[in-house]
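Undergrad: The structure that follows is given in the form of structure tokens.
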Amino acid sequence: MKKPKLSTVQIWNMSMGFMGIQFGFALQNANASRILQNFGADIESLSWFWLAAPITGLIVQPIIGHYSDQTWTRFGRRKPFFLTGAFLAAIALCIMPNAGVLAVALSPIVIGAGMLMIMDASFNIAMEPFRALVGDMLPEEQNTVGFSAQATLIGIGAVLGSWLPYILANFFNFSQLTLAGEVPDNVIYSFYFGAMVLVGSILWTVLKTKEYSPTEFQSFNPQEVVEVKMGLMNIFISLKQMPQTMKQLGWVQFFSWFGLFCMWVYSTPAIAQHIYGSDMDDSSSLIFNEAGNWVGIIFGIYNAVSVGFALLLPTISDKIGKKQTHSLSLMAGGLGLLSIYFVQEPLMLILSMVFVGMAWASILSMPYALLAGSIPLSKMGIYMGIFNFFIVIPQIISGIIGGPIVKNLFESQAIFALMMGGVSLIIAAVFAMFVVEKKD
């Protein structure tokens, strides 16, 4: 028996929670460093705080994937994890910018860093079961549509979350001035609003989506045994039995996310130095902060582009194939990052980010569409969690070696780190062409 096709409305309903998750992620990505600095963190230690995100994902996601595979309740298979992650993340979003007020026994920076880790863990609890839900609910021919819908909603959430503090300050007159050791009102209320969006969008998915029962699940793939009680050793067994398609995609993911991490970490110093002519020894200068503000805008632009391009991915992949679509998108992103070296005016960066947005849309959807057909239905969650290894490991490696490379090899010229990221995306595009798709 084959899984029935879902309507467009059903596909968007079951992906709606991803918008809220990415809304929260965007607030964290854009503001966590400045919050920690407000609480006293020095700039040299910020990268170590950020390593908490991929390390947390490395540990949490395969465990959550395993337990979401084995959890069958009257509320659903993945839904308990959506709700748990959403409420924990919402609490962390509300507490983090108020750490200075709440600090009694611990310093604000310890509370803020702790909330950053809880936030990352909570996002991971909610996020990976969402990837698995597409594989659970959709037939193979709708996988690309399902993951593209997720990529579109991720882009919408990222744009709104990235720009919300600016919108509150400039259009709704929320204060962006504050005393030392405190967080401005526009950031605090952005985090409150993000918590509400996160919980609301997850509840939308929970209330609008009906998961299949174990009996129905078994009928779709009778050769598989739906096991409801297995230990954590299942993670190591699954690693050993990793499908060949996942191994091939692992190289694509490694170089994709290594390149992305280079962009996220080094865009502000690279653009400030290379295009604005900022003195990198003075990060408090007006010109450096103007560059930083513009980086926030262009990051929003590449996320906005990803929203539109994600809608085109199913049509493009139907015409030329999934791996060809992903390879071309990655190539575009790599060329976009490389082009920044030749940019002389800030407005020209918009074109560079258009190409990066194409790659970002594909990275968020096409690898999962390629992978879904090769994964046993009974282990969809755990394999989506294991697949996350190929996302977090390159970020950890980049976080550890990136600084010494920029300092010693690139002589503190951060623009070359962006070029390194561009080359990495192009290498990922080459590896994508060697992926062998396996159909359901």
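The values are calculated or read from the model by the stated rules, or taken from the named source; none is laboratory data. Model, not experiment: these values are computed from the prediction. A quick note on method: Cβ atoms are made from the backbone with ideal geometry, for glycine too, and the neighbour counts reach across all protein chains shown.
Undergrad: On the basis of being in contact (Cβ under 8 Å) with a residue 40 or more places away in the chain, out of contact with any Lys or Arg (no Cβ under 9 Å at 6 or more places or on another chain) and among the aliphatic types (A, V, I, L, M), does Val199 make the cut?
TA: yes
Undergrad: How many residues does the stretch 186-198 contain that are more than 18 Å from Phe171 (Cβ to Cβ) and touching a Gly at 6+ places or on another chain (Cβ under 7 Å)?
TA: 1
Undergrad: Mind telling me which of the residues Ser284, Ser238, Ser256 ends up being among the small types (Gly, Ala, Ser), in a helix (DSSP H, G or I) and either at pLDDT below 75 or touching a Lys or Arg at 6+ places or on another chain (Cβ under 6 Å) (or both)?
TA: Ser238
Undergrad: Determine which single condition Ala369 fails, assuming it passes every other condition in (1) under 17 Å from Ile427 (Cβ atoms); (2) under 22 Å from the mean Cα position of the chain (by Cα).
TA: (1)
Undergrad: Does at least one position in the stretch 117-133 carry a residue that is more than 23 Å from Cys94 (Cβ to Cβ) and modelled with pLDDT of 80 or more?
TA: Yes - at least one qualifying residue is present in the stretch 117-133.
Undergrad: Okay, moving on. Is there any pair linking a residue in the stretch 345-368 that is within 20 Å of Ala151 (Cβ to Cβ) and surrounded by fewer than 23 Cβ atoms within 10 Å (Cβ to Cβ) to one that is of a type in the set (D, E, K, R) and at pLDDT 95 or above, with Cβ under 7 Å and at least six apart or on different chains, and which?
TA: Taking only residues 6 or more apart or on different chains, not a single pair turns up.
Undergrad: Filtering the stretch 200-224 down to residues that are surrounded by 16 or more Cβ atoms within 10 Å (Cβ to Cβ) and part of a loop (DSSP other than H, G, I, E, B), which residue is modelled with the lowest pLDDT?
TA: The residue in question is Asn221.
Undergrad: Among the residues of the stretch 315-339, write down those that are assigned to a helix (DSSP H, G or I) and either surrounded by fewer than 22 Cβ atoms within 10 Å (Cβ to Cβ) or among the aromatic types (Phe, Trp, Tyr) (or both).
TA: Hits for the stretch 315-339 are Thr315, Ile316, Asp318, Lys319, Ile320, Gln324, Leu328, Met331, Ala332, Leu335, Leu338, Ser339.
Undergrad: Please work out which residue is farthest from Ala92 (Cα to Cα), limiting yourself to the stretch 22-77 and to residues that are aromatic (Phe, Trp, Tyr) and at pLDDT 70 or above.
TA: Trp72
Undergrad: Related question: Sort out which residues of the stretch 384-440 are in a loop (DSSP other than H, G, I, E, B), of a type outside the set (Asp, Glu) and at negative phi, and write them in order of number. So that I can check it myself, show each step before the final result.
TA: Restricting attention to the stretch 384-440, the residues satisfying the condition of being in a loop (DSSP other than H, G, I, E, B) are 388, 410-414, 433-440.
Those still in the list that are of a type outside the set (Asp, Glu) too: 388, 410, 412-414, 433-436, 438-439.
Scanning the stretch 384-440 gives Asn388, Phe410, Gln413, Ala414, Met433, Phe434, Val435, Val436, Lys438, Lys439.
Undergrad: Within the stretch 340-364, track down each residue that is touching a His at 6+ places or on another chain (Cβ under 9 Å) and assigned to a loop (DSSP other than H, G, I, E, B).
TA: Val343
Undergrad: Out of the residues in the stretch 296-306 that are modelled with pLDDT under 85 and among the hydrophobic types (A, V, I, L, M, F, W, C), state the one that is farthest from Met263 (Cα to Cα).
TA: For the stretch 296-306, the residue satisfying everything is Ile297.
Undergrad: Please find, among Phe299, Phe387, the residue that is buried (at least 20 other Cβ atoms within 10 Å of the Cβ), in contact (Cβ under 8 Å) with a residue 60 or more places away in the chain and within 17 Å of Gly250 (Cα to Cα).
TA: Phe387
Undergrad: With the structure loaded, tell me whether Pro80 is in a helix (DSSP H, G or I), farther than 18 Å from Gly24 by Cα, of a type outside the set (Val, Ile, Thr) and modelled with pLDDT of 75 or more or whether it fails that test.
TA: Judged against the criteria, Pro80 is a match.
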